[in-house]
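A.B. asks: First, the structure itself, so that you have it in front of you.
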Amino acid sequence: MLLSFLAVGLFSNFAFAGQAGFATHENSYEARTCCNALSSLLPGQVFWPSSDPYLVQQSSYYSGEQAAMAPTCRVSPNSTSDVSRILKFSSMHKCHFAVRAGGHMAWSGASNIGSEGFTIDLQRVKDVPTLSQDRSIISFGAGSRWRDVYAVLQPENLTTVGGRVGDVGVGGFLLGGGIGFLSAEHGFGSDNIVNYEVVLVNGTVISASQNQHSDLYWALKLGSTNFGIVTRFDMLTFPQGPVWGGSQFFAIKDAPILLERLVTFTEKLAEDPKGFFGLSLAWNPEAKDYIIWTLQTYLKPKPYPALWSEFESLTPLIDTMGIKTLVDITEEFQDADPGKHGRSRWLSMTYKANAQFHLDIYAEGIELFEPYHDHAGVHWAVSVQPIPARMASAAAENGGNPTCLKESDGDLWVMLITTDWLDPSDDDIMNSNAEALLRWAEHEAKQRGLFNPFIYMNYASGSESVMVRSINDEALQKVIRVKEMYDPQGFLDDLWHGGFKLQRIGYTADDALMAPFRYHTMVVTDLPYAE
C-alpha cells in the first residue's frame with residue numbers, strides 16, 4: 001500500500017479526457033428522447049440509471065468525480081457499425097454525449113456527462129487483439145485495456161508503445177499521445193500507429209493511415225475529441241524479452257542525489273534509449289512522512305549500465321527491482337493502486353531537466369498542502385519523467401505528429417502534480433492549491449529559462465490549454481484545416497462533451513456558441529452518410 005497511488009499518477013494514462021464543449025440546445029432532442037430513440041435503434045444496448053449495467057459502468061470509473069455524474073442513459077455499442085449508427089443519429093438530432101473507453105481520467109466530465117446527455121461506453125468494442133501474419137502489427141478495438149493487448153503480445157516475445165498500467169484504456173491513451181516504456185526509443189504511442197479506424201460525425205467509417213486520409217491520420221496523433229470516434233487501432237510491434245525493472249522507495253533526504261541522477265539518466269538516453277526512470281516526491285499519509293518513489297526499467301535483463309552503479313551508493317527503504325516481463329511491471333502498478341473512486345486533480349507542465357527546480361516545486365507544495373495532511377485521504381505528489389530530445393526525431397520517422405516538441409528543445413522533463421482526497425468538502429481547497437502550485441511552477445520556470453510550452457495531454461486537467469500550448473502555430477493551422485474537412489459544421493465541438501477542443505483556440509465564450517457555423521471553408525463531399 002505504501003505510496004501506491006503514485007503508480008497511477010505518474011505512470012498511467014487516461015481514457016477520453018476532456019473539457020466539456022459549449023452546448024447549444026436549439027433544435028436538439030432532449031436527452032431522454034435521444035435515449036428512448038437509441039433504445040429502439042440498438043435494442044439491449046441502452047441502460048437506464050436503475051439498471052445493473054448502468055450502475056456497474058458508473059462504478060468502474062477511476063475517480064469519484066467521474067462516477068458522480070449521472071447521464072440520462074448509457075449506451076454500450078458492440079461494434080463499429082453500432083458506433084456509426086449512434087454518431088449519425090446524434091449529429092442528425094443534436095443529441096449531447098460523452099465517450100468513455102477506459103474511464104481512467106480523474107476530473108469530472110473527462111469521459112462522462114450529466115443529465116443533459118448520454119455516455120457512449122466503448123468497453124464492448126473490442127475483439128481479442130490480433131497480430132498480422134508477419135507479427136509486425138497488432139490490431140485492437142478502442143474498448144480494449146492495455147492488459148488485453150499485452151496478453152497477446154507477451155507469449156510472442158513482442159510489445160508495443162502502450163500504457164504502463166494494465167487497466168488503462170487504449171483509446172484515450174493513444175489519442176493523447178501516450179508515453180510508455182519504449183518511448184525514448186520509439187516516441188509517443190501514437191507515433192507507432194499505422195492505421196486508425198474512425199467513425200466520422202456523419203456516421204461514415206474510414207481508415208486513416210499514411211496512404212489514406214493522411215491528414216486525418218496525422219491529426220489524430222493528438223486528436224482528443226475533435227475528429228471522430230476511433231474504434232480500432234493498428235500499431236507497430238517490437239521484439240521484447242525479459243527486462244530489468246521495478247520500484248524503489250527512498251527517504252526524502254535522498255531527493256537531491258536522485259534528482260541529479262535523473263538529470264544524468266535523461267542525458268544518457270541519447271546513446272542508450274532503452275531505459276526508463278521516473279521519480280515522485282510525495283506525502284505518505286500511512287507513514288506520516290515524505291518519501292521518494294522511483295520506477296526504473298531497462299529493456300534488457302540486466303541493470304541499466306549507465307546508471308545502476310551510481311544507485312548502489314543509496315540504500316532503498318523498499319526494493320522490488322529484478323528480472324521480469326513488462327507485463328509483470330504493469331501489473332505491479334495495477335495491484336499497488338488503492339486510489340480508485342476517490343477525488344483527485346492532476347495538472348502537468350514541461351520544463352528543461354533541472355534537479356533544483358523540481359526540489360523547489362516540492363518545497364512550494366509543502367507550503368500549500370501541509371496544513372491539510374490530517375484531512376481524509378489527502379495524498380499529494382510532484383512527479384517527473386524524461387522526454388529526451390530524441391523523442392522528437394522518433395516521431396518524425398513515422399510521419400510526425402502535431403506536437404510542438406522538437407529535438408532542439410533538448411532534454412525535457414514532464415512534471416505531474418497529483419492530489420487525492422476523499423471528502424467533497426475539501427474539493428475547493430485541494431483544487432485551488434493544486435492550481436496555485438502549477439501557476440507558481442510555470443512562473444518560476446519562465447523566470448529561470450526552463451519553461452517549455454508543451455503540456456502532456458494525458459496528465460492534464462480540463463482547465464489547461466493543451467491544444468494552444470502543445471501545438472506550434474504552423475501545425476495548429478494544419479490541424480484546424482483537418483477539422484474543417486472532417487467536421488465542417490463543428491458538430492463535435494457542441495455535441496461531444498469532453499476532450500481538449502480546438503474550438504476554444506482564439507475564441508471567446510460568445511464565439512464558441514457559434515461553433516456549429518464556424519467550420520465552413522472545406523467540406524468533405526466524397527464521404528456518403530453511413531446507412
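The values are calculated or read from the model by the stated rules, or taken from the named source; none is laboratory data. Remember, predicted model here, so these are calculated numbers, not experimental data. Methodologically, a virtual Cβ is constructed for each residue, glycine included, from the backbone with ideal geometry; neighbour enumeration extends over all protein chains shown. Just so you know, the surface numbers come from the protein's heavy atoms only, side chains and all, with ligands and any DNA or RNA stripped out. Shrake-Rupley method; radii C 1.70, N 1.55, O 1.52, S 1.80 Å.
A.B. asks: If the Cβ limit is 9 Å and pairs must be 6+ apart or interchain, which residue in the stretch 395-410 that is free of Cβ contacts under 8 Å to residues at least 40 places away in the same chain and closer than 26 Å to N354 by Cα pairs with which residue that is among the hydroxyl-bearing types (S, T, Y) and open to solvent by less than 50 Å² (accessible area, probe 1.4 Å)?
C.D. replies: E407/S393
A.B. asks: For the stretch 17-76, please list each of the helices (runs of 4 or more DSSP H) lying entirely inside it that holds at least 1 residues being acidic (D, E) and at pLDDT below 95. Working first, answer last.
C.D. replies: Numbers: elements: 31-41, 52-59, 64-68.
Fully inside the stretch 17-76 and qualifying: 64-68.
A.B. asks: Now for a different question. I'd like to know if the stretch 422-444 contains one or more residues that are open to solvent by 50 Å² or more (accessible area, probe 1.4 Å), at pLDDT 95 or above and under 20 Å from the mean Cα position of the chain (by Cα).
C.D. replies: yes
Yes or no, residue by residue, for (1) surrounded by 24 or more Cβ atoms within 10 Å (Cβ to Cβ); (2) under 26 Å from Y486 (Cβ atoms); (3) of a type outside the set (S, T, Y):
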{"residue": "P49", "(1), (2), (3)": "no, no, yes"}
{"residue": "D52", "(1), (2), (3)": "no, no, yes"}
{"residue": "G64", "(1), (2), (3)": "no, no, yes"}
{"residue": "I113", "(1), (2), (3)": "yes, yes, yes"}
{"residue": "F118", "(1), (2), (3)": "yes, yes, yes"}
{"residue": "D121", "(1), (2), (3)": "yes, yes, yes"}
{"residue": "K126", "(1), (2), (3)": "no, yes, yes"}
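A.B. asks: To continue, here is another question. Test each condition in (1) open to solvent by less than 50 Å² (accessible area, probe 1.4 Å); (2) at pLDDT below 75 for M1 and report the one that comes out false.
C.D. replies: (1)
A.B. asks: Next up: Tally the residues that are closer than 25 Å to P239 by Cα and touching a Leu at 6+ places or on another chain (Cβ under 6 Å), restricting the search to the stretch 195-207.
C.D. replies: Of the residues in the stretch 195-207, 1 are closer than 25 Å to P239 by Cα and touching a Leu at 6+ places or on another chain (Cβ under 6 Å).
A.B. asks: Would you check if D426 is farther than 30 Å from I480 by Cβ and either in a helix (DSSP H, G or I) or in contact with a Gly (Cβ under 9 Å, 6 or more places away or on another chain) (or both)?
C.D. replies: Numbers: farther than 30 Å from I480 by Cβ: yes; either in a helix (DSSP H, G or I) or in contact with a Gly (Cβ under 9 Å, 6 or more places away or on another chain) (or both): yes.
Taking the combined requirement at face value, the residue satisfies it.
A.B. asks: Considering the stretch 191-218 alone, what residues qualify as being open to solvent by 30 Å² or more (accessible area, probe 1.4 Å) and either part of a strand (DSSP E or B) or at negative phi (or both)?
C.D. replies: Going residue by residue through the stretch 191-218, those that are open to solvent by 30 Å² or more (accessible area, probe 1.4 Å) are 194, 197, 205, 207, 210-215.
Within the stretch 191-218, V194, E197, V205, S207, Q210, N211, Q212, S214, D215 qualify.
A.B. asks: Let me ask something else. Do we find a residue being touching a Pro at 6+ places or on another chain (Cβ under 7 Å) and either crowded, with 21+ Cβ neighbours inside 10 Å or modelled with pLDDT of 95 or more (or both) anywhere in the stretch 77-97? Explain how you work it out, then say what you get.
C.D. replies: Pass one, the stretch 77-97, residues touching a Pro at 6+ places or on another chain (Cβ under 7 Å): 83, 86.
Applying the additional criterion that residues be either crowded, with 21+ Cβ neighbours inside 10 Å or modelled with pLDDT of 95 or more (or both) yields 83, 86.
Taking every residue of the stretch 77-97 in turn, at least one turns out to be touching a Pro at 6+ places or on another chain (Cβ under 7 Å) and either crowded, with 21+ Cβ neighbours inside 10 Å or modelled with pLDDT of 95 or more (or both).
A.B. asks: Please go through the stretch 90-131 and pick out each residue that is among the polar types (S, T, N, Q), in contact (Cβ under 8 Å) with a residue 60 or more places away in the chain and farther than 30 Å from S463 by Cβ.
C.D. replies: none
A.B. asks: Collect the residues in the stretch 246-287 that are open to solvent by 10 Å² or more (accessible area, probe 1.4 Å), in contact (Cβ under 8 Å) with a residue 40 or more places away in the chain and either assigned to a loop (DSSP other than H, G, I, E, B) or among the acidic types (D, E) (or both), keeping them in residue-number order.
C.D. replies: Across the stretch 246-287, the qualifying residues are D254, E260, E267, A270, P273, K274, P285, E286, A287.
A.B. asks: Another question about this same structure. Quick one: would you say H186 is of a type outside the set (A, V, I, L, M), over 21 Å from L405 (Cα atoms) and open to solvent by 10 Å² or more (accessible area, probe 1.4 Å)? Before you say what the answer is, go through the steps one by one.
C.D. replies: On the way: of a type outside the set (A, V, I, L, M): yes; over 21 Å from L405 (Cα atoms): no; open to solvent by 10 Å² or more (accessible area, probe 1.4 Å): yes.
Judged against the criteria, H186 is not a match.
A.B. asks: Can you name the number of the only condition in (1) open to solvent by 40 Å² or more (accessible area, probe 1.4 Å); (2) among the hydrophobic types (A, V, I, L, M, F, W, C); (3) within 13 Å of L405 (Cα to Cα); (4) touching an Asp or Glu at 6+ places or on another chain (Cβ under 6 Å) that F451 fails?
C.D. replies: Checking F451 against (1) open to solvent by 40 Å² or more (accessible area, probe 1.4 Å); (2) among the hydrophobic types (A, V, I, L, M, F, W, C); (3) within 13 Å of L405 (Cα to Cα); (4) touching an Asp or Glu at 6+ places or on another chain (Cβ under 6 Å), the one that fails is (4).
A.B. asks: Looking at the stretch 38-47, which of the residues that are among the aliphatic types (A, V, I, L, M) and surrounded by 21 or more Cβ atoms within 10 Å (Cβ to Cβ) is nearest to the chain's Cα centre (by Cα)? It would help to see each step written out before you state the result.
C.D. replies: Residues of the stretch 38-47 among the aliphatic types (A, V, I, L, M): 38, 41-42, 46.
In the following step, the residues that additionally are surrounded by 21 or more Cβ atoms within 10 Å (Cβ to Cβ) were identified as 38, 46.
Details: L38: 29, V46: 27 Å.
Ranking the qualifying residues of the stretch 38-47, first place goes to V46.
A.B. asks: Out of P338, P303, report the one residue that is surrounded by fewer than 15 Cβ atoms within 10 Å (Cβ to Cβ), at pLDDT below 95 and of a type outside the set (D, E). I'd like the intermediate steps shown before the answer.
C.D. replies: Working: P303 fails: surrounded by fewer than 15 Cβ atoms within 10 Å (Cβ to Cβ).
Just one listed residue meets the conditions, P338.
A.B. asks: Can I ask one more? Please go through the stretch 141-160 and pick out each residue that is without any contact (Cβ under 8 Å) to a residue 60 or more places away in the chain, open to solvent by 10 Å² or more (accessible area, probe 1.4 Å) and of a type outside the set (D, E).
C.D. replies: R145, V152, P155
A.B. asks: Shifting gears a bit: Restricting attention to the stretch 345-370, report how many residues are part of a strand (DSSP E or B), in contact with a Gly (Cβ under 9 Å, 6 or more places away or on another chain) and either surrounded by fewer than 23 Cβ atoms within 10 Å (Cβ to Cβ) or at pLDDT 95 or above (or both).
C.D. replies: Let us first name the residues in the stretch 345-370 that are part of a strand (DSSP E or B), namely 345-352.
Imposing the further condition that a residue be in contact with a Gly (Cβ under 9 Å, 6 or more places away or on another chain) reduces the set to 346, 352.
Then keep just the ones that are either surrounded by fewer than 23 Cβ atoms within 10 Å (Cβ to Cβ) or at pLDDT 95 or above (or both); that gives 352.
Number satisfying all stated conditions: 1.
A.B. asks: For A151, indicate whether it is more than 20 Å from D493 (Cα to Cα), part of a helix (DSSP H, G or I) and of a type in the set (A, V, I, L, M, F, W, C). Before the answer, list the steps.
C.D. replies: Working: more than 20 Å from D493 (Cα to Cα): yes; part of a helix (DSSP H, G or I): yes; of a type in the set (A, V, I, L, M, F, W, C): yes.
Criteria met by A151.
A.B. asks: Of the residues N157, N112, N202, which single one is modelled with pLDDT of 95 or more and closer than 30 Å to G246 by Cα? Full working, then the answer.
C.D. replies: Values: N112 fails: closer than 30 Å to G246 by Cα; N202 fails: closer than 30 Å to G246 by Cα.
Selected residue: N157, the only one of N157, N112, N202 that is modelled with pLDDT of 95 or more and closer than 30 Å to G246 by Cα.
A.B. asks: Cβ-Cβ below 7 Å, separation at least six or inter-chain, first residue in the stretch 228-239 and in contact (Cβ under 8 Å) with a residue 40 or more places away in the chain, second in a loop (DSSP other than H, G, I, E, B) and surrounded by fewer than 21 Cβ atoms within 10 Å (Cβ to Cβ): which pairs?
C.D. replies: L236/S136; T237/R135; T237/S136; P239/N157
A.B. asks: Look at the stretch 371-384 and say how many of its residues are part of a helix (DSSP H, G or I) and either touching a residue at least 60 places away in the same chain (Cβ under 8 Å) or surrounded by 15 or more Cβ atoms within 10 Å (Cβ to Cβ) (or both).
C.D. replies: Residues of the stretch 371-384 that are part of a helix (DSSP H, G or I), as a first pass: 371-372.
Those still in the list that are either touching a residue at least 60 places away in the same chain (Cβ under 8 Å) or surrounded by 15 or more Cβ atoms within 10 Å (Cβ to Cβ) (or both) too: 372.
So the count comes out to 1.
A.B. asks: A follow-up question, please. State all residues of the stretch 130-140 that are farther than 15 Å from F238 by Cβ and either open to solvent by 10 Å² or more (accessible area, probe 1.4 Å) or basic (K, R) (or both); if no residue qualifies, say none.
C.D. replies: From the stretch 130-140, those farther than 15 Å from F238 by Cβ are 130, 133, 139-140; that's our starting set.
Matches in the stretch 130-140: T130, Q133, S139.
A.B. asks: A follow-up question, please. Tell me the residue from G103, G171, G177, G163 that is crowded, with 24+ Cβ neighbours inside 10 Å, assigned to a helix (DSSP H, G or I), of a type in the set (G, A, S) and within 23 Å of the chain's Cα centre (by Cα), please. Working first, answer last.
C.D. replies: Working: G103 fails: assigned to a helix (DSSP H, G or I); G177 fails: assigned to a helix (DSSP H, G or I); G163 fails: assigned to a helix (DSSP H, G or I).
On inspection, the qualifying residue turns out to be G171.
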